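A short worksheet on the structure shown next.
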């Protein structure tokens with residue numbers, strides 16, 4: 001670790017602090033924002049998220065070593081944390097801190113993309129089912145019942161194990177495509193009540209087609225469940241990816257994701273617990289932050305419920 | 001109520017049927033076959049052809065599917081490729097360990113979760129509530145298997161209080177026969193059950209606290225307070241009854257959580273249950289065993305939500321009164 005990496009890390013903390021302060025300042029001007037801020041942990045969550053996103057984006061600056069580079073396989077195996085390697089090294093003599101920083105890119109990236117896929121499909125299916133009702137609703141919701149009854153882990157395991165060397169992009173897509181069932185139910189419930197409202201009838205009366213009514217009038221008003229399930233969705237995907245990688249089926253090994261770092265360190269957990277310990281802590285922190293922000297958003301966007 | 005129950009049951013069976021179909025199609029569409037020569041072993045093509053014929057893999061897929069369904073209707077899950085015994089036998093061996101683990105975890109989950117949630121609701125917005133709430137949120141955010149690894153490291157490797165894996169001592173207690181072996185089983189069970197239970201309890205506590213506080217804002221609770229009842233009695237007697245209703249839903253949701261968690265936790269603790277069986281079956285392309293495991297897994301999930309729905313209808317007169325149910 002050189003002075004520069006420490007400086008970069010300090011800058012990341014500073015950026016995150018500024019981001020959290022800015023969110024606070026903006027939020028305080030609106031009623032929904034104030035409900036968000038009433039959660040004591042929501043601001044802390046924003047800070048943690050901002051910190052991890054900044055380090056992920058600035059990974060080359062914050063990480064002192066090449067995340068896949070084996071520094072000295074003979075002498076630097078499983079070194080405990082020191083000033084040179086702040087989080088130690090793994091069995092291949094790679095710097096755990098550098099892997100963790102680059103891992104943030106993969107884990108957060110996978111979480112975000114898979115969540116976007118899940119939320120898009122979920123919102124689309126939920127809106128179609130709630131708006132058109134009848135046959136479409138019945139077919140879609142029965143498929144959702146089936147989807148919810150299939151253990152997600154099981155499906156993903158099957159896909160990854162049976163199609164060997166599945167490209168990472170396909171895996172991310174699959175994670176997204178198995179995660180929209182809950183969202184679609186929430187969106188459908190909202191759309192069912194929205195479609196009976198006067199402004200929807202008015203839009204239809206002036207000749208707007210179903211696509212326009214759904215996208216311009218109904219869905220924007222059903223944004224609350226979509227945004228909230230997006231916040232929780234990222235965390236779920238990160239946990240899921242970690243689980244898959246732990247079974248050796250997620251992100252392929254030289255690439256560092258938080259799950260695959262845990263997988264690499266697991267056989268040596270007794271002698272070198274830092275390799276598996278720190279990425280798990282990072283996952284817990286990020287998911288914690290996402291849950292805190294999700295809780296805050298839920299109360300902020302759903303004024304019918306008093307903040308508890 | 002009966003008509004509703006019958007409809008609900010029919011839907012549950014249809015869902016499990018759909019899951020089995022999807023699994024069947026997925027696994028047969030995947031590249032690769034269970035019987036093939038690989039780098040390690042040379043197999044005579046004649047032998048492969050005979051094996052494929054023996055297990056009916058030479059038939060067209062629709063024929064295989066119809067045959068599988070016909071056997072399923074007779075309660076036949078088929079013959080496992082890798083274990084040289086019926087799928088039903090393999091699953092029957094794996095269910096008791098998983099039930100032991102998941103059942104104990106469920107007890108920890110709800111006992112600890114309800115107690116914590118209640119305590120938090122009673123002390124709402126005070127130090128104890130906020131501190132516990134954050135701890136619960138942290139546990140709720142951990143990867144379950146990672147918590148297992150950490151517990152294993154601390155209590156198994158460092159403190160040597162608990163064993164580092166397995167379900168029972170293979171030499172002294174090959175099966176539960178005496179009180180000492182039961183103790184041995186419990187000793188092996190503690191860490192994995194705690195792992196699953198703690199993560200679940202964190203979620204349960206959060207729900208329970210929210211449910212209590214929501215109910216506590218209702219008029220009838222205010223009436224109870226106005227009568228001059230003590231706060232403790234108002235919350236623990238009057239509010240609790242209704243606050244337990246959403247917990248029933250949570251109970252149904254706990255099944256898939258425990259099942260998914262068990263796949264990973266069983267791996268961490270080398271626990272010989274359904275999770276481990278499914279993972280090895282998938283890797284070995286043991287088609288009948290995978291489909292059988294999917295059948296059991298989805299069956300448990302569907303059963304969980306069915307039981308939750310029925311309990312809900314029984315517990316909540318507002319739903320029962322509607323007759324048709326949700």
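Quick look at the values:
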| item | result |
| --- | --- |
| Verdict on residue A:89 being modelled with pLDDT under 85, more than 14 Å from every other protein chain (Cβ to nearest Cβ) and buried (at least 23 other Cβ atoms within 10 Å of the Cβ) | yes |
| Selection within segment A:220-244 - buried (at least 21 other Cβ atoms within 10 Å of the Cβ) and either farther than 17 Å from residue A:178 by Cα or without any contact (Cβ under 8 Å) to a residue 12 or more places away in the chain (or both) | A:222, A:225, A:228 |
| Candidate set from segment A:284-307 (those that are more than 11 Å from chain B (Cβ to nearest Cβ) and at pLDDT 85 or above); member that is nearest to residue A:224 (Cα to Cα) | A:297 |
| Residue B:102 over 26 Å from residue B:293 (Cβ atoms), within 14 Å of another protein chain (Cβ to nearest Cβ) and surrounded by 19 or more Cβ atoms within 10 Å (Cβ to Cβ) | no |
| Any hit, segment B:282-295, residues being closer than 20 Å to residue B:109 by Cβ, at the interface with another protein chain (Cβ under 10 Å from one of its Cβ atoms), at pLDDT below 85 and surrounded by fewer than 24 Cβ atoms within 10 Å (Cβ to Cβ) | no |
| Selection within segment A:35-57 - modelled with pLDDT of 85 or more and more than 18 Å from residue A:232 (Cα to Cα) | A:51, A:54, A:55, A:56, A:57 |
| Test: residue in segment B:72-88 that is within 30 Å of residue B:250 (Cβ to Cβ) and part of a helix (DSSP H, G or I) | no |
| Check on residue A:227, closer than 30 Å to residue A:32 by Cβ, part of a helix (DSSP H, G or I) and more than 10 Å from chain B (Cβ to nearest Cβ) | yes |
| Qualifying residue in segment B:175-188 (condition: modelled with pLDDT of 85 or more, within 21 Å of residue B:160 (Cβ to Cβ) and surrounded by 21 or more Cβ atoms within 10 Å (Cβ to Cβ)) | yes |
| So residue B:211, is it within 14 Å of another protein chain (Cβ to nearest Cβ) and over 30 Å from residue B:152 (Cα atoms) | yes |
| Matching residues in segment B:1-13 - criterion: being out of contact with any helix residue (DSSP H, G or I) (no Cβ under 8 Å at 6 or more places or on another chain) and either more than 21 Å from residue B:317 (Cβ to Cβ) or surrounded by 15 or more Cβ atoms within 10 Å (Cβ to Cβ) (or both) | B:6, B:10, B:13 |
| Unmet criterion (only one of (1) buried (at least 19 other Cβ atoms within 10 Å of the Cβ); (2) facing another protein chain (nearest Cβ under 7 Å); (3) under 20 Å from residue A:243 (Cβ atoms)) for residue A:159 | (2) |
| Residue that is farthest from residue B:200 (Cα to Cα) [pool: residues in segment B:269-278 that are surrounded by 23 or more Cβ atoms within 10 Å (Cβ to Cβ) and within 11 Å of another protein chain (Cβ to nearest Cβ)] | B:278 |
| Residue match in segment B:220-237 (condition: under 25 Å from residue B:313 (Cβ atoms), within 14 Å of another protein chain (Cβ to nearest Cβ), at pLDDT below 85 and outside any loop (DSSP other than H, G, I, E, B)) | no |
| Residue among A:207, A:259, A:233, A:248 that alone is more than 11 Å from every other protein chain (Cβ to nearest Cβ) and either touching a helix residue (DSSP H, G or I) at 6+ places or on another chain (Cβ under 8 Å) or assigned to a helix (DSSP H, G or I) (or both) | A:233 |
| Scope segment B:149-168; condition assigned to a helix (DSSP H, G or I) and facing chain A (nearest Cβ under 10 Å); matching residues | B:149, B:150, B:152, B:153, B:154, B:156, B:157, B:158 |
| Residue check for residue A:182: touching a helix residue (DSSP H, G or I) at 6+ places or on another chain (Cβ under 7 Å), within 13 Å of another protein chain (Cβ to nearest Cβ), closer than 22 Å to residue A:149 by Cα and modelled with pLDDT under 90 | yes |
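A quick yes/no check of all residues on (1) crowded, with 20+ Cβ neighbours inside 10 Å; (2) within 14 Å of chain B (Cβ to nearest Cβ); (3) assigned to a loop (DSSP other than H, G, I, E, B); (4) on the phi < 0 side of the Ramachandran plot:
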| site | (1), (2), (3), (4) |
| --- | --- |
| A:15 | no, no, no, yes |
| A:18 | no, no, no, yes |
| A:26 | no, no, no, yes |
| A:36 | yes, no, no, yes |
| A:42 | yes, yes, no, yes |
| A:49 | yes, yes, no, yes |
| A:52 | yes, yes, no, yes |
| A:55 | yes, no, no, yes |
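Table: residues versus (1) surrounded by 11 or more Cβ atoms within 10 Å (Cβ to Cβ); (2) within 14 Å of chain A (Cβ to nearest Cβ); (3) modelled with pLDDT under 80.
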position: B:15; (1), (2), (3): yes, yes, no
position: B:30; (1), (2), (3): yes, yes, yes
position: B:45; (1), (2), (3): no, no, yes
position: B:59; (1), (2), (3): yes, no, yes
position: B:83; (1), (2), (3): yes, no, no
position: B:90; (1), (2), (3): yes, no, no
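The values are calculated or read from the model by the stated rules, or taken from the named source; none is laboratory data. In this text, all values refer to a predicted model and were calculated from it rather than measured experimentally. Heads up, the Cβs are rebuilt from the backbone with ideal geometry, glycines too, and the neighbour counts pull from every protein chain shown.
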